[in-house]
Amino acid sequence: MTAQMHKQRGFTLFELLVAMLLLAMISVMIYSSLHVGIKFAAKGEKKVLAMEHKYGLLNLLKSQISSAVYDMKKHELMIWADDDSFKLVTRNPYIYEDAGMVLAIYRYDSSERVIYYTEKRDYYNLDYDEQYLPDISDMTLLASDEDSFAVKYDKDIGPEVTFTYREKDYTLVPECADDASLAKLSDSEQ
């Protein structure tokens, strides 16, 4: 009977401590792996959201510029740009999707590094001339934490609209540009 009792002895304190130490080490390794994975996923998600935001704004600008309106009476595109604002009459509204044509207005506040946006459905209003600029409080925040945003357009040079966004330059020609404007553009390229 003593031989049988000897075979059924329990764990020693040392064996129990070794098992707990191994369990603790495995738990720390699993936690570390999960923590790194979660941080990596969060960084990836932020990067994806930033890319979506960047390309969303680029696509909005491209679609609105390409569908800019040409004024047949004045024989010019209805586009105006200065240091911190960009306005155009476009057939591609963002806010009032069913409006047909709108006056789209972008403003960049370099001190806050923010791009604001608004649309006016009554684009034909005589008050909306080249100098018109709505108050920022009446505009919607379109993008924040933007280091650079600038639009250049000179109706005397040609139909090209050049904009700088995130330190990269983009050049577009509206689809409605007239033949004389396109001729100016091809003359300037030679």
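The values are calculated or read from the model by the stated rules, or taken from the named source; none is laboratory data. In this text, all values refer to a predicted model and were calculated from it rather than measured experimentally. Cβ atoms come from the backbone with ideal geometry, glycine included; neighbour counts cover every protein chain shown. With ligands, DNA and RNA removed, areas are computed over all heavy atoms of the protein, side chains included. Shrake-Rupley method; radii C 1.70, N 1.55, O 1.52, S 1.80 Å.
Other residues lying with their Cβ under 11 Å from the Cβ of F163 contribute a combined charge of +2, Lys and Arg counting +1, Asp and Glu -1. The phi-based Karplus calculation (6.51 cos²θ - 1.76 cosθ + 1.60; θ = phi - 60°) puts the 3J(HN,Hα) values of the range 89-94 at 8, 9, 8, 10, x, 9 Hz, whole numbers, x for Gly and Pro. Ordering 146-154, 81-89 by mean Cβ neighbour count within 10 Å, with the highest value first, yields 81-89, 146-154.
With a cut-off of 19 Å on the backbone N, the residues of the range 142-171 near the modelled label site 7 Å out from L49 along Cα-Cβ are 142-147. Per residue, the convex hull spanned by the Cα atoms of the range 41-190 measures out at 130 cubic angstrom. Relative contact order for the range 59-188: 22 percent, from Cα pairs under 8 Å spaced at least 6 residues apart, divided by residue count. Among the protein heavy atoms of the range 1-122, carbon and sulfur supply 63% of the accessible surface, probe 1.4 Å, non-protein parts ignored. Residue ranges 135-144, 104-113, 60-69 sort as 60-69, 104-113, 135-144 when ordered by packing (mean number of other C-beta atoms within 10 Å per residue, highest first).
Near S66, once Lys and Arg are set to +1 and Asp and Glu to -1 for all other residues with Cβ below 13 Å from its Cβ, the sum equals 0.
Separation of the range 110-154 and the range 42-73, taken as the distance between their Cα centroids, equals 15 angstrom. Cross-link check: pairs K73/K168; K46/K87; K120/K155; K46/K155; K47/K120 evaluated at a Cα-Cα cut-off of 28 Å; pairs beyond the cut-off: K73/K168; K46/K87; K46/K155; K47/K120. Annotation: extensible slack from Y124 through L23 equals 28.9 nm (criterion: 0.36 nm per residue apart, minus Cα-Cα distance).
Taking 0.36 nm per residue of separation and subtracting the Cα-Cα distance, full extension of the segment from A150 to R9 would add 42.6 nm.
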